[in-house]
Amino acid sequence: MSSVFEPEVVEVMDFSKADRSTETQLSAEEKREIDAEFSHYEDKASVGLEALRIVQKHRGWISDQSLQAVSDYLDIPSAQLEGVATFFQLIFRQPVGKEVILFCKSASCWIMGCARLQARIEQKLQIAPGQTSGDGIFTLLETPCLGDCDKAPVMMVGEEMHRNLTEQSIDEIIDNKKRRHADESTD
Amino acid sequence: MPTITIDGDDYEVEEGQNLLSTCLSLGIDLPYFCWHPAMGSVGACRQCAVIEYKDAEDHRGRLVMSCMTPIKDGGLYSVTAEQAREFRGSIIEDLMTNHPHDCPVCEEGGECHLQDMTEMTGHTNRRYRGTKRTHRNQYLGPFINHEMNRCIACYRCTRFYRDYAGGTDLQALGRNNQVYFGRQQEGVLENGFSGNLVEVCPTGVFTDKTFSKHYVRKWDLQTAPSICEHCAVGCNTAPGAREGWDGKDQMLRRVINLYHREINGYFLCDRGRFGYDYVNCDARLKAVLAARTDTLIESTAARGERIHGEIPPREAVERLAQTLAQAQKGQRRLIGIGSPRASLENNFALRQLVGPDNFYAGLAERDLHLLHLVDAIQRDPRIHSPTTPEIESADAILILGEDISNTAPRVGLAVRQAARNRQRRQARELKIPQWQDASVRQLDGDPSPIAVAGFEDSGLDDIASSRFHGTPEEIAAFGHALAQLIAGKQPAEVSPEYLEMAQQISETLSASERPLVISGCGCRSGEILQAAAQLATALADRNSNPCALYLTCLEVNSLGLAQLCTDGKKALDHLPGALRTEGEAKNPSSVIVLENELCRRVDTATADEIFSLADELIVLDLLHNLTTRRADLVFPAAATVESQGTVINSNGLAQCFYAVYEGPGFIQESWRWLADAAAFCPESNALISTIADWKHCHDLNQAIAEAFPELEVVAELGPDEDFRIDGLEVARQSHRYSGRTAIYADKSVAEHKPVKDPDAPLVFSMEGIQDPDKSPLQANIWSPGWNSNQALHKFLQGIGGKRRCGNGGRKIQRASRSLPDWKPAVQPAGEAEGFLLLPIYRMFGSGELSAMAPAIASVIAQPFVLINRHDAKRLDIDAGDPLEITVGGDRCQLIAEISDSIPFGSLGVPYGFPQVEPLGTEAPARGQLHLLQLETGGDQ
Ligand code: SF4
Ligand code: SF4
Ligand code: FES
Ligand code: FES
């Protein structure tokens, strides 16, 4: 749970780079970052989660190949690493969109009508939770309490927190993002 | 002893236990899932809730998980309180929301802990009508089925597989309702104890795939206590049989664990659990065969193989009787070849028939010598042969030359538990009870020191604190150096690079309270055995206390055979010579081979010599093999599960196995064939009539005890066939065994009279003693309300204690004799030619019988040769290259495997693998390596 509160938790990859998600070797950069993280831990097994986060930052998601690469590099069984990867919601074992929406479904947000807002997103993007929009931009994920109950309903889009959501603000957020990504791709 | 009150009754209970195991040992039914007697508590499932009261004034109490609650003197508890019952019912109800309604097609059904616990809590009505979560199942190899929808997430499987057995490829994945127990990718489970998942999982997620192929419910199985015949550890098993598809003959359906505290406890290895199917395989002999004398198509047979045809058993027995008669008249020489995989009774019968002078051990001289060494070492009063619980409690272990993970797997599992003893000690100091599994495992107490010296990487490397790889000579020298260091002397023979390691290991061993040394016959080096003995006696002298030394033998009755055959010259190597001298005297010779494949014992040339020098070759065996193919007469012998007999395990423990069912066809015990022949023998004398008079297994046991005073216990192992309890024998079938008349209804609707067992007070029917507390012969562990194997606790002296109605076995009483002081052997200097071949064992492949079980056969590795990385580089060999090895007169083709651990100039060759058996008979030996050119198919 605690990692959800950390702002840097969903580090979205830099999409200007080529898709490296199925590469079987870690890059020098990935290794360097993992080694740096490793210095804070007692043994290799405990750095597994951080290593997955680092690789996900670079590759967008954790493919079987990436998982195996981390397992080889840290010399921990791939099954054990898979246990970690599938336990933490923010390690993605499938490709995700460029913007991951973490939509809060816990009590306060529920009281404040998140169900209606979620329906709005689903209808607007034509996706259900766990799916990615056809244009590859958005992935919708449900999440437990994001710790901002006094400003419910809330959701995170990438690293940004959006509070006191209304149908209107949701439309704006999504449209803005769409526009930004459209601009980027025509650059 | 603390006194506690449960539901108003006072009990005096054992200190330091948790409430759940206390309740169970008091006979109170309390449901649970995640607790396991060998693995302790983690409090994961919440099924074992009870009420704990503060004091007599407290009438409400609070819910506690009994498995996590330490017993308190004066503690007040309630199991039956309404609140606790409701809570337990609701836990089951929650578990059931996702559990499928598939008991009728689930192979756990009828022996399912989840069914039992559901009944016990009284949750008999489903309210939940919603959808259930569904999972995809994985292919986990030929042994285990996977049906994840049945999972209740108790975590027992991963706790066993990872924590207890050291496996790395089974894991809890996902979370919440989606938690999944499986591999990262589909594939064969790698750990050699995976079969225990079948018994550890309280539901039908993991079931026995080999059993699926011929499945029947537990209550439809017929069972009797047996001993695993796949190595010399002597694990106790409960095989189950039932009529085959033809509705007549019984066939073996599966093997499960039968608790024996001192040996296997709750767990078997996969060779033992899945190796059983050889008895049903195509190579099984069920009829008497005689070689045809016409040479019709003989030209197609290689190496003098004979063409056989079935003959009536009576004719064969009469033929054997003629041979006996000629021998009695001095016109024929009879030679008997015994076997380490045959029972004492069978070996003894043959030995009596041919006379001790003509009885050969059925082993190469080297192997017989090793067995005699083991026997001699174990006779020294300073040596103690440790039981499994003693191995588990060792605080420093040295393994010298023996790859126990493959030659004595169950012992390897025990060593793995010993690795945690420092952690356990730390827990004691911190006053954490040992059963608090998760807390104890969390302590970072160093692993206990375990040093492993072997030819290559061992299956215990992950827990080893030091590792030494070398040739047999180097390992022996290392062992001698350790012995000298322990005795406070300066070691002579150890290279400086290993001196430091030797010093450190010797200090650890000297300082430990319960040191353990392990070695064995697998390394096929007498020097290593001697070094291990030197080392253990040095420790014993130092501590003025016998030292634990476990010596593995390789086969189920190796040590028993060594007791019957004490002359080291009665080995197969000497047989051709003996046959030749006899030939000069012009008396023809008949060689009787007892359950032995000679081509696994000696090189091809020697085996061929024996075959061609024998004027008549008579073989009694279970399976068709290279020896039976050369025989004039082949008798089908009963397998362990089809017969009764005694075997002696590596520790010198004599144990009896009982017939689970009658062998199909004309199968009977080898000794019965011999006794039948004696009965038909026209030439009568005292010897022949004694043998002809053997009617019961017990008659032989008495004869063995008389002939061999050290084996006297053999006559006292079990009740004889006339023994009765309340006028009854013990039932092999459960009350619910179905179809007993229906199964023969196509022929007759009359009630069948059950076949009489001539050897044991056990019946092949359901009428008789069912209660495992009344007789150790009852192997169906069942108690009302407890249909799964978890019923076991009902029959133990406390949790993890001995079975109340003990199985046990008895140690043979060997006269003690002190060992000489063995010095390290001086190696003859000189240029060695070729490569040193070292025997390498594998759980699947090295066992002769298990290799014939189809499931095991499907996972046996290709015959490999381990070659050191540097040697490979020098010779430009890559992994997967086809190689040929020539040793003695034999040549074998194998596939190169690169190894970082096998010593330079050595090659690891598989021991006993199908197709390359000769290699195992020779290694360690010098051999030549040839690169095979791949057929390129191109024009050059
Ligand atoms: S698979 Fe079986 S042992 Fe493993 S958690 Fe599920 S129910 Fe328990
Ligand atoms: S350790 Fe040996 S005796 Fe025990 S189950 Fe395995 S093969 Fe059988
Ligand atoms: S419930 Fe949504 S932020 Fe807490
Ligand atoms: S047995 Fe006590 S919580 Fe599972």
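No value in this document is a laboratory result; all are computed from the given coordinates. All figures in this text were calculated on a predicted structure; none of them were measured in a lab. When we count neighbours, we look across all protein chains shown, and the Cβ atoms used for this are built from the backbone with ideal geometry, even at glycine.
Gain in length, B:Thr741 to B:Lys489, computed as 0.36 nm per residue apart minus the alpha-carbon separation, to one decimal in nm? Could the numbers behind the result be given before it?
Details: separation 252, 0.36 × 252 = 90.72 nm, distance 7.45 nm.
Between B:Thr741 and B:Lys489, full extension yields 83.3 nm more.
Rounded to whole numbers, the Karplus 3J(HN,Hα) couplings from phi for the range B:187-200 are x, 5, 4, 8, 6, x, 10, 4, x, 5, 4, 4, 8, 6 Hz, using 6.51 cos²θ - 1.76 cosθ + 1.60 with θ = phi - 60°, and x at Gly and Pro. Sorted ascending by nearby beta carbons within 10 Å, beginning with the fewest, A:Met156, B:Met1, B:Met843, B:Met251 become B:Met1, B:Met251, A:Met156, B:Met843.
With each run of n ≥ 4 DSSP H residues scored as -39500 (n - 2.57), what mean residue ellipticity at 222 nm is computed for chain A after dividing by its residue count and rounding to the nearest 500 deg cm²/dmol?
Calculated mean residue ellipticity at 222 nm is -13500 deg cm²/dmol.
Cα centroids of the range B:542-601 and the range B:16-45: 48 Å apart.
Suppose the chain between B:Arg814 and B:Ala38 were pulled fully straight at 0.36 nm per residue; how much longer would it get relative to their current alpha carbon spacing? Walk me through the intermediate numbers first.
Numbers: separation 776, 0.36 × 776 = 279.36 nm, distance 3.29 nm.
Full extension of this stretch gives 276.1 nm more.
Largest GNM mean-square fluctuation across A:Glu160, A:Glu42, A:Glu50, computed for chain A with C-alpha springs under 10 Å, falls on A:Glu42.
By counting other Cβ atoms within 10 Å of each Cβ, how are B:Ser512, B:Ser775 ranked from fewest to most? Can you show the working numbers first?
On the way: B:Ser512 18, B:Ser775 23.
With the fewest neighbours first, B:Ser512, B:Ser775 line up as B:Ser512, B:Ser775.
Beta-bridge orientation, the range B:849-940: approximately 70 percent antiparallel, per DSSP, counting only bridges with both partners inside. Between 0 and 90 degrees, the angle of helix A:114-125 with respect to the longest Cα principal axis of chain A falls at about 80 degrees.
Please arrange A:His162, B:His698, B:His113 by how many other C-beta atoms lie within 10 Å of their C-beta, fewest to most. Working shown, then result.
Numbers: A:His162 18, B:His698 23, B:His113 26.
In order of increasing Cβ crowding within 10 Å: A:His162, B:His698, B:His113.
Working from Cα positions, state the angle (0 to 90°, nearest 10) between the long axis of helix B:496-511 and the longest principal axis of chain B. The angle comes out near 50 degrees. When Rg and the Kirkwood Rh are both derived from Cα coordinates, the Rg/Rh ratio for chain B amounts to 0.97.
I'd like to compare B:346-358, A:128-140: which one has the highest average count of other Cβ atoms within 10 Å, and what's the full order after that?
B:346-358, A:128-140
Near B:Val865, the amide H atoms lying under 5 Å from its own belong to B:Ile895, B:Ala896, B:Glu897; only residues 5 or more places off or on other chains count, and H is placed 1.01 Å from N. Once you have a ≥ b ≥ c as the square roots of the Cα gyration tensor eigenvalues for the range B:729-796, tell me rounded if a/c is under 1.5, and otherwise prolate or oblate according to whether a/b is larger than b/c. Oblate is the answer for the range B:729-796, as a/c is 1.5 or above yet b/c matches or exceeds a/b. For B:Arg253, the residues 5 or more places off, or on other chains, whose built amide H falls under 5 Å of its own are B:Gly240, B:Ala241, B:Arg242. Computed 3J(HN,Hα) for the range B:270-285, one whole-Hz value per residue from the Karplus formula 6.51 cos²θ - 1.76 cosθ + 1.60 where θ = phi - 60°, is 6, 5, x, 7, 9, x, 4, 5, 4, 5, 9, 7, 5, 7, 5, 8, glycine and proline marked x.
Given Cα positions, please report Rg to Rh for the range B:301-432, the hydrodynamic radius being the Kirkwood one. Numbers along the way, then the final one.
On the way: Rg = 24.2 Å, Rh = 20.1 Å.
My calculation of the ratio gives 1.21.
Electrostatic tally near B:His870: other residues with Cβ closer than 13 Å to its Cβ, Lys and Arg +1, Asp and Glu -1, net 0.
Using a Förster radius of 25 Å, what is the FRET efficiency between B:Gln928 and B:Lys569 based on their Cβ-Cβ separation? Nearest 0.05, please. The formula returns an efficiency of 0.25 here. Put simply, the amide H of B:Ala49, placed in the peptide plane, has neighbours under 5 Å in B:Ser66, leaving out anything fewer than 5 places away on its chain. Taking label points 7 Å from Cα along the Cα-to-Cβ direction, B:Asn176 and B:Val188 give a separation of 3.8 nm. For the range B:835-931, the convex hull spanned by the alpha carbon atoms encloses 84 Å³ per residue.
If Lys and Arg each add +1 and Asp and Glu each add -1, what is the summed charge of the other residues whose beta carbon sits under 10 Å from the beta carbon of B:Ile885? It would help to have the intermediate numbers written out before the result.
Numbers: positive: B:Arg891; negative: B:Glu884, B:Asp890, B:Glu922.
Neighbourhood net charge equals -2.
Which FRET efficiency, nearest 0.05, do B:Gln331 and B:Asp9 yield, Cβ-Cβ r, R0 60 Å?
Details: r = 78 Å, r/R0 = 1.30.
With R0 = 60 Å, the Cβ-Cβ based efficiency is 0.15.
The label-point distance for A:Gln25 and A:Trp110, in a model that sets each label 7 Å from Cα toward Cβ, rounds to 5.0 nm.
All other residues whose Cβ lies under 12 angstrom from that of A:Asn176 are scored, Lys and Arg at +1 and Asp and Glu at -1, for a net of -2.
Placing dummy labels 7 Å off each Cα toward the beta-carbon, the span from B:Asp771 to B:Glu93 is 3.8 nm.
What translational D, rounded to a whole number of µm²/s, comes out for the protein assembly as shown from Stokes-Einstein when the hydrodynamic radius is the Kirkwood one over Cα pairs, at 20 °C and 1.002 mPa s? Reported coefficient: 65 µm²/s. Enter the Cα centre distance for the pair the range A:151-178 and the range B:850-909, rounded to the nearest angstrom. Centre-to-centre (Cα) distance: 63 Å. Rounded to 0.05, the FRET efficiency of the B:Glu884 and B:Phe904 pair, given R0 = 25 Å and the Cβ-Cβ distance, is 0.75. Could you work out how far the C-alpha centroid of the range B:613-656 sits from that of the range B:340-380, in angstrom? Cα centres, the range B:613-656 to the range B:340-380: 14 Å.
The C-alpha atoms of chain A define a longest principal axis, and helix A:48-59 lies at about 70 degrees to it. The antiparallel fraction among DSSP beta bridges confined to chain B stands at about 55%. Using 0.36 nm per residue and subtracting the Cα-Cα separation, the extra length available between B:Ser689 and B:Thr293 on full extension is 139.4 nm. In chain B, helices alone account for a calculated mean residue ellipticity at 222 nm of -7500 deg cm²/dmol, with every DSSP H run of four or more residues adding -39,500 (n - 2.57).
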